[in-house]
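One structure below.
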Amino acid sequence: MASLELRNLNKRYASGAPDTLKDIELKIDSGEFLILVGPSGCGKSTLMNCIAGLEAITGGQILIDGQDVAGTGPKDRDIAMVFQSYALYPTMTVRDNIAFGLKMRKVPQATIDEEVARVARLLQIEHLLERKPAQLSGGQQQRVAMGRALARRPKIYLFDEPLSNLDAKLRVEMRTEIKLMHQRLKTTTVYVTHDQIEAMTLGDKVAVMKDGVIQQFASPRGIYNDPANLFVASFIGSPPMNFVPVRPRRQGAQWLAALDSGQARCELPLELAGDETLDGRELLLGIRPEQIGIAGSHSLPTVLAEVKVTEPTGPDTLAFVELNDTKVCCRLPPEIDPRVGEVLALQFDPARVLLFDAGSGERIALGPARSNGSAKKVSRLHPR
Amino acid sequence: MSDVSVAQRRSSDVLLPPGEGGAKRRMRAMSLSRLAIHATLILACALYLVPLVVMLLTSFKTPEDIRTGNLLSWPEAFTLIGWIKAWGVVGSYFWNSVMIVVPAVLISTVMGALNGYVLSMWRFRGSQLFFGLLLFGCFLPFQVILLPASFTLGKLGLANTTTGLVLVHVVYGLAFTTLFFRNFYVSVPEALVRAARLDGAGFFTIFGRILLPMSIPTIMVCLIWQFTQIWNDFLFGVVFASGDTQPITVALNNLVNTSTGIKEYNVDMAAAMIAGLPTLVVYVLAGKYFLRGLTSGAVKG
């Protein structure tokens, strides 16, 4: 158990080459679960290898329990890692695989046996101890790989996309088990994934990465509800957030954004912090699919829109409509089953939408009135 | 209506059990082609075996028997005199060959494994170029290196010694053994090495405990390849060794090419058999690994 802090970490593969990691700043406390998430090629695996000491960094510090370990080798950092490919030693039995790290550290044989037994019990792989990795199923290999990491009781666990080689059902099971295990053992963990469900469900803290830069470092809830920019907003969430292009106009003290569904137009009042430069500029209105509902409140603006496609998923019905020539996904309760071509009256709370600059992707702050609720908002509906 | 009946007829066609006559005909056709295949194989096999049979038969004949009978005739009386005489001539050179082959094969295999390990798992700046140049060594004909090698051996004071011959064979064989091991190790996931490093294993521990045990088929390929190459080598033996240090191939040549006295074909044949037996034995013992090793990497697992 240890805290982990990265200060101004940089990584470049060759001088002159672009930075693979740029000014990474992270800090997690002892026992916390950090998720590194991002699309492939964003540098998350490189960052993990840097923490492990498998790759040298070109600048900055890696502090484990306040000690800078940037200059030490992987074996001196007391870190254990679970690899995406599991990387089990093929010629050794499961028992020897789990014991290898302990043997390398000259742990007495009696203690090794004890540790192997403990880990095997924890992961329910006691009956597999004498088998070779090739004789195990994918899920079993995954458990052994975790067992190998658990046996050493290291300061930090690193997981490099450990579930991506499992089938969907097993992945969900193992996800829960990893969470349970972490709740029980409370070991500081860094977990790399490109799966945003794993990111949301497992982590205490999530760092969303893109092109070697941390876009946002916050709690899963913070990442989901309060994304720092367009990239984070679009990356986290499934089905993803809708982005409707709008050009807000100033009308007196209020900002209005026009939404056109082809069937109707709607003027959406926005609580923008009044900056004149925004007038007529192209912005993206970010709305999560579950924020859109069937009209039921008189205090919220209503949008009429024709259903183009529906996707009943079981727990929800996803209905796709078009606003400002952009496909918009609405996550509706399963008992609502609109026909294609049916016009739905949709509502969402303008106070909860997010605004992004269409060009830079920067988030645009909503005004101070945001927390005041939406009771005073007026529906402006102009049916054609 | 008609559609339905067509469909029915089609399905009944499919479901109809094949007639018994058809099955028999098929079986007869199959056994006929089988027979043709086997006959061809046996014929080819016999053709290839003729020289060996001639050698074996001749080696057990008496010189008179050889003069009077034909090549393929059965010996009138089996005699070991040829073998005993042959061993008397080439026996000491047989041990020379062993003294050259064993260290040369072992050293070149171990060094090739280490080279391959470094070139695949611990790449350094210019390692690709290094590997490329090393590959060049596989295409160098023996004759090209005769002069530089004898010059070097002379400088080292190893001319006409078994050690010198071992050195030449090791250097020449390294290109091949490195290639074998490197090509095997690039198919091994790098994560294995990373995992071992995190587990606290060092350079040699990772090699000895993790990679070498996985490399048995490749080791076998190297052993067989190097053994055959070095045991059968004549050119290096005749150039870099003289007198008592010569390998059996050179001794065999000397024996067969002597032009004084009557030609004792039974002795020649027996000596040739003695010279050829070790490679045969190695192939029989380790042949299955050879095939497996050559195709490993082609298919995962």
What is the dipole size for the range A:199-298, taken about its Cα centre, with +1 at each Lys and Arg Cβ and -1 at each Asp and Glu Cβ, in debye to the nearest 20?
-> 120
Could you pull out every one of the lysines with an alpha carbon less than 16 Å from that of A:Lys11, ignoring same-chain neighbours closer than 8 positions?
-> A:Lys22, A:Lys44, A:Lys210
If you put +1 on each Lys and Arg Cβ and -1 on each Asp and Glu Cβ, how big is the dipole of chain B around its Cα centre, in Debye rounded to 20?
-> 1080
Take the Cβ-Cβ distance between B:Ile37 and B:Asn183 as r, set R0 to 25 Å, and report the resulting FRET efficiency rounded to the nearest 0.05.
-> 0.15
Between B:Leu47 and B:Cys138, what length in nm is gained on full extension when 0.36 nm per residue of separation is reduced by their alpha carbon distance?
-> 29.5 nm
Using only the Cα atoms of chain B, build the gyration tensor, take square roots of its eigenvalues as a ≥ b ≥ c, and label the shape rounded, prolate or oblate: rounded if a/c is under 1.5, else prolate if a/b is larger than b/c, else oblate.
-> oblate
If each part is reduced to its alpha-carbon centroid, the range B:79-122 and the range A:117-183 end up apart, in Å, by 47
Quick one: compute the contact order of chain A, relative version, from alpha carbon pairs under 8 angstrom and 6+ residues apart, as a percent.
-> 15
Computed [θ] at 222 nm, deg cm²/dmol, the protein assembly as shown (DSSP H ≥ 4; -39,500 (n - 2.57); rounded to nearest 500) = -14500 deg cm²/dmol
Express in % the proportion of alpha carbon pairs of the range A:170-269 at distances exceeding 24 Å.
-> 44
In whole percent, what relative contact order does chain B give with Cα contacts below 8 Å and a gap of six or more residues?
-> 28
Could you work out the local net charge near A:Leu284, counting Lys and Arg as +1, Asp and Glu as -1, over the other residues with Cβ closer than 12 Å to its Cβ?
-> 0
Grab the beta carbon distance between B:Ser92 and B:Thr152, set R0 = 22 Å, and tell me the FRET efficiency rounded to 0.05.
-> 0.20
Suppose R0 equals 25 Å; then what is the FRET efficiency for A:Gln251 and A:Asp325 from their Cβ-Cβ distance, rounded to the nearest 0.05?
-> 0.60
Tell me the label-point distance for the pair B:Arg28, A:Asp65, using the 7 Å Cα-to-Cβ offset, in nm and rounded to one decimal.
-> 8.6
Could you tally the net charge around B:Asn96, taking each other residue with its Cβ under 15 Å from the Cβ of B:Asn96, Lys/Arg +1 and Asp/Glu -1?
-> -2
Spin-label model distance (nm) - A:Arg121 vs B:Glu76, 7 Å beyond Cα toward Cβ = 8.6
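Report the gain in length on full extension from B:Arg123 to B:Leu285: 0.36 nm times residue separation, minus Cα-Cα distance, nm rounded to one decimal. Display every interim value, and only then the final one.
On the way: separation 162, 0.36 × 162 = 58.32 nm, distance 3.53 nm.
Result: 54.8 nm gained on full extension.
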Two-site label geometry, B:Glu64 and B:Thr258: point separation in nm, points 7 Å out along Cα→Cβ | 2.3
Alpha-carbon spread of the range B:49-140, three principal axes, descending order, Å | 70, 27, 20
Can you spot the lysines whose alpha carbon is less than 17 Å from A:Lys103's alpha carbon? Ignore those fewer than 8 places along the same chain.
-> A:Lys75
Going highest first, how would you order B:191-202, A:172-183, A:209-220 by mean Cβ packing within 10 Å?
-> B:191-202, A:209-220, A:172-183
Extension gain, A:Gln183 back to A:Arg221 (0.36 nm per residue minus Cα-Cα distance, nm) = 11.8 nm
Lysines whose Cα lies under 17 Å from that of B:Lys61, excluding same-chain neighbours fewer than 8 positions away | B:Lys85, B:Lys263
Dividing the convex hull volume of the alpha carbon atoms of the protein assembly as shown by its residue count, what do you get in Å³ per residue?
-> 300
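FYI, it's all coordinate maths here, none of it is from the lab. Here the structure is a predicted model, which means the values were calculated and not measured. Using ideal geometry, Cβ is built from the backbone for each residue, glycine included, and neighbour counts are taken over all protein chains shown.
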